[in-house]
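Structure, as structure tokens:
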Amino acid sequence: MLNTAIFFKDAGDSTVQVPIELTAGEVVQNIQRGSVTPLSTSTLQASVISGLSTPIQITLKGGDPEISYGFPLTITTDQRIFVVTVAVSVGASEFKPYLTTDPTSFADMLGSIDAGEAALGTVAFQFPVDLDPSGGFVTWELLDEQGVVYSSGNAFEYKITSSGLANVVMARSVLAVPSSTPPSIDHPYTLRYTLTLPDNATQQNFYSYEAVTVTGLALVPLGTSNSIEMQGDEAVVSLVTDRLYDSVEVEIQFDNKSLGMAEITKSERVSSGYLYSAAFDTTGLPVSLEPYRIVWKYKQSIQRSAFRESASLWVVNSSLLGAVDDVRAKINKARQTLYGTDDTQYSNDTIMTWLRRGRDAFNSSYGVFTSFTMTNAKGGIRDYWLMYAEMMALESAYLMEGEKAFQFQGANISLDVDRTSFLDSAAAKIQQRLDNEVKNAKQVMIMRGASSGDGSVDPQRLQKGAIGSVGISISPASGYANYLPYTRIR
């Protein structure tokens with residue numbers, strides 16, 4: 001059962017949702033909000049706006065920066081009564097909301113935490129029975145070995161229990177680690193709790209320490225990205241957003257038709273934001289140079305409009321992967337250049353784009369139309385298809401290098417960087433060969449009936465539908481038995 005929900009709030013008003021777990025048929029009869037603690041100059045104001053429906057929606061207003069507030073929600077159903085504690089951190093660096101179950105141990109030790117994450121920390125202070133710890137407060141600080149403070153805050157809950165042998169102060173805090181905090185595998189950070197008690201003219205401070213290891217976040221760019229998967233493998237698609245969204249859906253489409261949709265409820269904190277991912281089984285998806293469209297839709301539940309992003313998913317076989325390698329071997333031989341940058345290299349999804357366009361160009365070239373899918377192209381058909389893809393890739397690189405070309409002349413220095421002439425020459429040679437060979441080759445293929453299929457057809461052999469064929473088979477029952485070769489029966 002969830003009994004602690006933690007949220008972040010900036011300077012503006014916020015609406016949060018507190019999920020609660022109900023059994024089948026259980027009905028909420030009453031939701032009572034307790035007092036907000038601690039009191040401050042601009043104490044946090046919380047109002048339940050969802051009525052008795054779930055999840056419980058609460059509006060949050062006000063609150064002082066760098067202060068954590070807490071308040072209980074007493075929920076009465078037709079079967080039981082339970083309490084959910086809501087903690088709200090105001091004005092700190094935004095972190096991933098943390099939902100957990102209250103610890104049953106004496107103290108909640110963190111151990112390790114990812115940069116950009118938030119966690120629930122519990123600390124205990126013991127005092128003799130003759131010392132009254134009432135009226136105190138607890139703060140926390142995350143320090144490195146040099147004493148630099150990376151984040152700090154206060155405890156949202158302060159409880160005193162007495163066993164007759166000692167007075168124990170239990171305090172709980174929202175511990176938020178900024179995403180800019182450097183990882184500390186070899187040198188853990190120190191989490192320092194400070195309990196301050198009023199003592200007439202002065203204040204007394206008591207300390208508790210805990211070692212915390214901060215782990216780094218994966219570097220993932222914002223948005224979505226294309227992917228290529230072998231047929232039968234599980235295709236994992238992902239989306240990275242700069243903030244959390246409570247409604248995220250992903251849909252796979254092909255030929256403007258929906259093949260499936262899923263709602264994503266979990267996310268993972270990364271350096272640039274929040275990562276949502278989903279997996280699709282590609283066993284039933286046909287291999288094709290036409291990519292499947294992965295369409296993401298995400299929004300906040302209180303918003304009417306939604307954001308959409310899309311990417312391509314290619315489901316391929318070993319023949320198409322071999323074609324990718326063949327094209328790269330021709331156009332990307334250098335791999336790395338003296339002045340090269342990442343955008344000068346050809347990624348697999350970029351080559352798949354040129355393979356698709358190369359197929360379309362081959363099928364429609366010179367007014368002789370064919371309909372090869374190229375999913376298993378062989379021989380001359382494969383060679384011509386790859387040449388079209390290579391030519392388009394070189395033309396794209398030609399435009400890119402034209403933008404990057406520059407010339408510098410100084411007193412004794414002259415620098416000229418221009419590779420466009422080599423790319424133009426390579427593309428022109430391919431175009432010249434295609435002009436000289438493809439038109440005649442396709443005309444012969446049409447006459448022999450080789451105009452469709454996966455590209456593995458042998459153009460040297462007559463196919464069904466060849467020009468001049470009448471569809472007569474020669475067999476002993478066809479009347480053309482005299483054309484059969486003589487067979488001597490022994």
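The values are calculated or read from the model by the stated rules, or taken from the named source; none is laboratory data. No experiment lies behind these values; they were computed from the predicted model shown. Heads up, the Cβs are rebuilt from the backbone with ideal geometry, glycines too, and the neighbour counts pull from every protein chain shown.
Summary table
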read-out: Pair list, Cβ < 8 Å and 6+ apart or interchain, from the range 153-173 residues that are more than 21 Å from Phe7 (Cβ to Cβ) and assigned by TED's automatic domain parsing to the domain that holds Leu142 to residues that are of a type in the set (Asp, Glu) and not in a strand (DSSP E or B); value: Asn167/Asp132
read-out: Any hit, the range 178-190, residues being over 30 Å from Ala311 (Cα atoms), among the aliphatic types (A, V, I, L, M) and assigned to a strand (DSSP E or B); value: no
read-out: Meets criteria (at pLDDT below 90 and not in a helix (DSSP H, G or I)) for Asn412; value: yes
read-out: Strands (runs of 3 or more DSSP E) contained entirely in the range 228-293, each with at least 3 residues that are touching a residue at least 60 places away in the same chain (Cβ under 8 Å) and either touching a Gly at 6+ places or on another chain (Cβ under 9 Å) or in the same structural domain as Arg304 (by TED's automatic domain parsing) (or both); value: 234-241
read-out: Residues of the range 440-450 classified as surrounded by 14 or more Cβ atoms within 10 Å (Cβ to Cβ) and part of a helix (DSSP H, G or I), total; value: 5
read-out: Selection within the range 25-46 - among the basic types (Lys, Arg) and more than 37 Å from the chain's Cα centre (by Cα); value: none
read-out: Among residues of the range 59-70, those that are part of a strand (DSSP E or B), surrounded by fewer than 19 Cβ atoms within 10 Å (Cβ to Cβ) and in contact with a Leu (Cβ under 8 Å, 6 or more places away or on another chain), counted; value: 1
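Conditions tested, residue by residue: (1) under 31 Å from the mean Cα position of the chain (by Cα); (2) among the basic types (Lys, Arg); (3) over 27 Å from Tyr274 (Cα atoms); (4) surrounded by 15 or more Cβ atoms within 10 Å (Cβ to Cβ).
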{"site": "Val149", "(1), (2), (3), (4)": "no, no, no, no"}
{"site": "Ser152", "(1), (2), (3), (4)": "yes, no, no, yes"}
{"site": "Glu157", "(1), (2), (3), (4)": "no, no, yes, yes"}
{"site": "Ser162", "(1), (2), (3), (4)": "no, no, yes, no"}
{"site": "Ser184", "(1), (2), (3), (4)": "yes, no, no, yes"}
{"site": "Pro188", "(1), (2), (3), (4)": "yes, no, no, yes"}
{"site": "Leu191", "(1), (2), (3), (4)": "no, no, no, yes"}
{"site": "Ser208", "(1), (2), (3), (4)": "no, no, yes, yes"}
{"site": "Gln231", "(1), (2), (3), (4)": "yes, no, yes, yes"}
